[in-house]
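Below: the structure, in structure tokens.
The values are calculated or read from the model by the stated rules, or taken from the named source; none is laboratory data. From a predicted model like this one, the values you see are computed outputs, not experimental measurements. Glycine also receives a Cβ, built like all others from the backbone with ideal geometry; neighbour counts cover every protein chain displayed.
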Amino acid sequence: MKIVVAIDGEESAKSALDEIAAQKYSSETQIHLVHVIVPGFADVSTPGIPDTVAIERAEEKGVLEQMAKDLKTKLNIDATAEILEGEVAQAIASACKKYGADEAIVPSHARHGFSRLWFGSIADEIVDAAPCTVVVLKMSESKA
């Protein structure tokens, strides 16, 4: 089985690790951990202003590497880790195609009401764009 796991911080990594452990995937499972950085105004570094993209890249790289290590030590599953750039749903769908994924595991921040209307649902977009089954992990609002 080939799985793409979208990670957005430590809480989503923990939830995904718990889900993978609960599903008891074999050590033959190929897992590709990804985090997507959305392009925007912060792409150009400015003297005196923190480079938020570089900070995000470093933090998420650490989260991905720790999760890959945990998958190996706790579940004997090897994983690759990659930072992607672009619109989240399309980047994850492209990763699913690239790796021939049978499944994608993605976090949802459980927005409701006006917040969901205003910000939309990236998880819904991923479900529509991905060429494979998508497992949406509902994160509590306090962890979002």
Expected single match for touching a residue at least 12 places away in the same chain (Cβ under 8 Å) and over 24 Å from Thr133 (Cβ atoms) among Glu82, Glu56 is Glu56
If we take region 15-115, then strands (runs of 3 or more DSSP E) inside it with 3 or more residues that are modelled with pLDDT of 90 or more and buried (at least 19 other Cβ atoms within 10 Å of the Cβ) are 30-37, 103-108
